[in-house]
1. Does B:ALA118 meet the test of being at negative phi, without any contact (Cβ under 8 Å) to a residue 60 or more places away in the chain and more than 21 Å from the chain's Cα centre (by Cα)?
2. With respect to A:ILE229, determine if the residue is more than 22 Å from B:LEU79 (Cβ to Cβ), in contact with a Lys or Arg (Cβ under 8 Å, 6 or more places away or on another chain) and in contact (Cβ under 8 Å) with a residue 40 or more places away in the chain.
3. How about the stretch A:40-78: which of its residues are of a type in the set (Gly, Ala, Ser) and surrounded by fewer than 19 Cβ atoms within 10 Å (Cβ to Cβ)?
4. Name the residue that is nearest to A:THR158 (Cα to Cα), counting only residues in the stretch A:113-142 that are surrounded by fewer than 19 Cβ atoms within 10 Å (Cβ to Cβ) and among the small types (Gly, Ala, Ser).
5. Across the stretch A:152-174, what is the total count of residues that are of a type in the set (D, E, K, R) and buried (at least 20 other Cβ atoms within 10 Å of the Cβ)?
6. Given the conditions (1) over 20 Å from the mean Cα position of the chain (by Cα); (2) closer than 30 Å to A:TYR92 by Cα, which single one is not true for A:SER199?
7. Just name the residue that is farthest from the other protein chains (Cβ to nearest Cβ) out of those in the stretch B:121-143 that are assigned to a helix (DSSP H, G or I) and either over 17 Å from B:TYR104 (Cβ atoms) or under 14 Å from the mean Cα position of the chain (by Cα) (or both).
8. Give the stretch B:72-88 a look and list any residue that's assigned to a loop (DSSP other than H, G, I, E, B) and either surrounded by fewer than 18 Cβ atoms within 10 Å (Cβ to Cβ) or more than 7 Å from chain A (Cβ to nearest Cβ) (or both), or say none.
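The values are calculated or read from the model by the stated rules, or taken from the named source; none is laboratory data. Values in this document were obtained by computation on a predicted structure and should not be read as measured data. No Cβ is skipped: glycine too gets one built from the backbone with ideal geometry, and neighbour counts run over all protein chains shown.
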Amino acid sequence: MRKFKEFIIEKLILVCGIASIFFVVLIFLFLLKEGLAVFNIVGPFNFLFGKSWYPISDPPQLGILPLILGSLLVTLGAAIISIPIGVGCAIYIAEVAPLKIKEILKAGIELLAAIPSVVLGFIGMVTLVPIVKNVFHLPTGLTALSGSIMLAFMAMPTIVSIAEDALYSIPKTYKEGALALGATHWQTIWRVMLPAASSGILAAIMLGIGRVIGETMAVMMITGNAAVIPNSILAPVRTLTATIAAEMGEAVVGSEHYFALFAIGIVLFVISFAINVTADLFLHKKQ
Amino acid sequence: MVTFDIKKLNVWFDSTQALKSVTMQILPNEILSIIGPSNSGKTTFLRMLNRLNDLNTRFKMNGDVLFDGQDIRKVDVELLRRKVGMVFALPLPLPLSIFDNVAYGMKMAGVNNRKRLAQVVENALKQAYLWEEVKDRMGESAFKLSGGQQQRLCIARTLAVEPEVILFDEPCSGLDPISTAKIEDAMVKLKEKYTIVLVTNNVKQAARVGDRTAFFLNGELIELDKTEKIFTVPQDNRTDGYIRGKFG
């Protein structure tokens, strides 16, 4: 009887384990089936590098280069803002902050991660967008820059908490060894701790960026949604994610537009997958 | 002339007292061995001398520790740690090449002249009896060395910053007898130029290399005397009991 119980439980757990893989495969297959159909209408090259996105003109123009560049621009901006601040914050928490401040900061970071992205987008729209508009004297504050700043807030919790873990898990002996040689605290952090934690910190950055690239709500609300190739970070842009979210509701099922949106989904999937795999490689290198 | 003059030193970690009114002197160019069972405060005492206890947020002290006549709390801590080098129980090479490990301390202190770096590194490795074994592989990762070699690398690294004092914290606890012998040889040679404080769990090691030996028990300094005397006619029963292996 006990053997039988064991058997049942084992198989149940097996099914749970397989289920997640099964669903991923299912989603991926569905995505492929719907998305690849677009290539009957436009070639892969024209799809990826076409310069105009007019999905409901006749004939539809389905080039997603403006969207890809929009996503990249916003992500790059967010990375430039969030990486130095995030890593700096991690160093401060792990190494410098007194115990009390450390706890307050950690709680604050967790709270930041808990804010729903639509709320961040909403706050950005009301506060940040007018500021960007006034500071740069623009006709509108709905720009890639606004999106970057808001997304930086979203990447920061991921970057800070994983980078802080990486710094914290360095053997204490490294630090003592360097200090005992007369290195200053900062020299120890810069020359010993950061190199030793580099793989974990890189993984933190990649995962933070992964989060930014997949983010939809906030960018849709504050980047202006103009599907044109941006000429500066102060221009309105539209990202891959926002395009799908905004247009899926009005695309006729089975139309070229519909297939094209699924194909954008594939592109996003590939980008996120690549980022996660890279982050994973860095994390494994550490172990 | 004394190197360290310690007066009525008390140390606490939170409410636990780790050292109780320790008064002693450390003389230039001697090897002072410190023995005692675990939890007797030996390592705490050693880490007092280069202020490594400061890293512990629960650390509190009173009393005085004078290094070359100066209160160690008033001198620049980085300078103090360069003058009072430390070799740890476990060899802990930094994740760098052999050369860079030895050159690390000097680079931190701002020495960048390559020729001078190379010369100091070679000298330090020779003093640590390691030069012959590594001279052809200076660029390799320090992790490729054996445990004993790594520990001698750490000694070389400490020597390279030209300290006055070297603190050894159970330097041979993880090493085989041959590596241990090499490190002991190095210590005896090094005392010509440096003052050495050796914390060891190995009573015989204290007897072999120490000029004077101090016995700690429960945070108190029980006895400090010439090594021969400690090991032949100790004044205190507890010292006698410990070196005969009755407890500890």
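1. On the way: at negative phi: yes; without any contact (Cβ under 8 Å) to a residue 60 or more places away in the chain: yes; more than 21 Å from the chain's Cα centre (by Cα): yes.
In short, yes.
2. Yes, satisfied.
3. Across the stretch A:40-78, the qualifying residues are A:GLY43, A:GLY50, A:SER52, A:SER57.
4. A:ALA113
5. 1
6. With (1) over 20 Å from the mean Cα position of the chain (by Cα); (2) closer than 30 Å to A:TYR92 by Cα applied to A:SER199, the lone miss is (1).
7. Across the stretch B:121-143, the extreme among qualifying residues is B:GLU132.
8. So in the stretch B:72-88, the residues assigned to a loop (DSSP other than H, G, I, E, B) come out as B:72-76, B:88.
Correct list: B:ILE72, B:ARG73, B:LYS74, B:VAL75, B:ASP76.
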